[in-house]
Amino acid sequence: MSAPSLAVPTAAVRAQPERGDSHRYVIAFAVVLAALLQVIDSSIVNVALPEMMGNLGASLDEIAWVSTGYILASVIVIPLTGWLGDVFGRKRYFVSSILIFTASSFMCGASRSLAMLIFWRIVQGVGGGALMTVSQAVLFESFPKEEAGTAMALFGLGVMVGPTIGPTLGGWLTDSYGWPWIFYINVPLGLLAAAMIFTFVHDSANQRKPGRMDYLGIALLVVSVGALQYLLEHGQRDDWFHSRFITGLALTAVVGGAALVWREMTTDFPVIDFRVLRHRPMWVGTVLGVVMGVGLYASVFTLPVFLQGNLRMTAQQTGIILLPGALATAASMLAAGQLTRRMDARVLITAGALCFATAMWQLSRITGESGHWDFFWPLILRGLGLGFMFVPLTTMTLADLPRRELAGGTGLYNFFRQLGGSLGIAGIATMLAHYTAQIRAVLGDHVVAGEPDTVNRLAMLTQGFIARGADSWTAHQRALAVMDRQILAQASVIAYSHIYVLTALLILALIPLLALVRRTSDNSGTTLLLE
């Protein structure tokens, strides 16, 4: 007698995702706002670090933990989000994570010592790790399958535009009101997102509470991922494997990671469900996501450094230059969200990869004299490419997962994409340093004492310093220093050019990998990639 009475409401609940939630666009606004807070907070802090150093009396290595602590905590939490949602209930876990993020943001702004600031940044990372991943799972369940591309387009607006807004907003808040306000601004927005999600989002009908806690799996995750992320964050500074500490971290990450995979594949109640990778779209999309993460972060995070470091632009000027590209990303994501319902996702990803690679090739031709308009069209093209890659790739990877595995799949996909980004930043930083030193040595060999061009340039600079009141010896030393800086600046420009060419080639490597999946269509015309 009890079985029929339970079957009807269960069927009704499970049918709901096929039609989509009636409040799905309100839910989309709320979860995108939550994801945007997490994305912006990852980049907004960087521009305020110098003021924090002066205000808190911290060294550069000490203040770096303000960023490192947050990243370490959030990266460890990301793959756990599906399991934590099952343990506590997805809605309760999501709202609690936003409130933890919001409360710790306030405490970060109120911190008056470096130790307290780092502590609350770690707590903030624990809350922030869930915001992006759970947002994706909620969106996929709130929209019907044929609108999955639209859902990911809305989500992508926050994920891709956030890194562009972050540095500009952070610079303005820091200059106008002081560094605590880069944290205080999260409070009203976080409370709004939490209230909307509490009102409109419901628990998934497919979540099941695990039978027991996998403490060993959690410990292996913390150790292996923490070691790997710290290695990627600080390896370049410590000269990589010339440091015993970095070598030890690498061994810990490899051994711990292997033990984690073995543990999670053999236990009945894994905290990370690696079995979800048995679906071909999932594992292929994850590999593509890692490649895209490397290329995306390599371009997104190196260009502001070039603009401010080489071209001496302010954070606000940098933001103005990057804004058209961000708008192009937003437009292409909305377009891609509609096109994924009618076109093969592989075609859209290929078009995006070609646009992105072309933009990188154009950026490789920049010089130390480049101005605002030299970046306009390359960044427009890069923005279009990002939108046409991100939306169909995410939809392809996650849209056809069974509902029961969706939360775990989104966590795993975002985890590997984040690791790809960290790997990209670490690799690019290393190659930039290597290329700059190498090219500087080559250029220095061509600036030989006694050559007419060198003599004339040195004499002109020396006379200029003498005209400003310096004695002949001081003027000569200053002239040599200026020439050395000019050689270094030119070497840096050429090094960035090499990096952008490599990034273009890496993104083009996405295209052959698409052959690993095939296209079919369901009755609604939705593009699906099946095993």
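The values are calculated or read from the model by the stated rules, or taken from the named source; none is laboratory data. In this text the structure is predicted, and so the values were computed from the model without any measurement. Cβ atoms come from the backbone with ideal geometry, glycine included; neighbour counts cover every protein chain shown. SASA here: full protein model, heavy atoms, side chains in, ligands and nucleic acids out. Shrake-Rupley method; radii C 1.70, N 1.55, O 1.52, S 1.80 Å.
Could you check how much of the accessible area of segment 233-279 is carbon and sulfur, as a whole percent, using a 1.4 Å probe? Walk me through the numbers on the way to the answer.
On the way: 1780 of 2820 Å².
On segment 233-279, the fraction of accessible area on carbon and sulfur atoms equals 63 percent.
Spacing of the modelled spin labels on ALA441 and ALA219, each 7 Å from Cα toward Cβ, amounts to 4.7 nm.
Helix 186-200 and the long axis of the chain differ in direction by around 20°, with both axes built from C-alpha atoms.
A full extension of the chain between SER472 and LEU323 corresponds to an added length of 48.9 nm, given 0.36 nm per residue minus the alpha carbon distance. Sorting the segments 108-121, 412-425 by their mean number of nearby beta carbons within 10 angstrom, highest to lowest, gives 412-425, 108-121.
The angle separating the long axis of helix 90-110 from the principal Cα axis of greatest extent in the chain is about 30 degrees.
Quick check: net charge around VAL493, other residues with Cβ under 12 Å of its Cβ, Lys/Arg +1 and Asp/Glu -1?
+1
Averaging 1/r over each pair of different alpha-carbon atoms in segment 303-408 and inverting the result gives 15.1 Å, the Kirkwood hydrodynamic radius. Taking every alpha-carbon pair in the chain and binning the separations at 20 Å intervals from zero gives 21, 53, 21, 5, 0, 0 percent. Atom-type composition of the exposed protein surface of segment 308-395 places 63 percent of the accessible area on carbon and sulfur (1.4 angstrom probe). Spin-label model, VAL87/VAL26: points 7 Å from Cα along the beta carbon direction are separated by 3.2 nm. On a per residue basis, the chain carries 44 Å² of accessible surface, using protein heavy atoms and a 1.4 Å probe. Between helix 372-398 and the chain, what is the angle of the helix's C-alpha long axis to the longest principal axis, kept within 0 to 90° and rounded to the nearest 10? Helix 372-398 and the main axis of the chain meet at about 30 degrees. The calculated FRET efficiency for ARG485 paired with MET265, based on their beta-carbon distance and R0 = 60 Å, is about 0.65.
When the helix-only estimate is applied to the chain (DSSP H runs of n ≥ 4, each -39,500 (n - 2.57), divided by the residue count), what is the mean residue ellipticity at 222 nm, nearest 500 deg cm²/dmol?
-27000 deg cm²/dmol
For segment 33-143, dividing the convex hull volume of the Cα atoms by the residue count gives 88 Å³ per residue.
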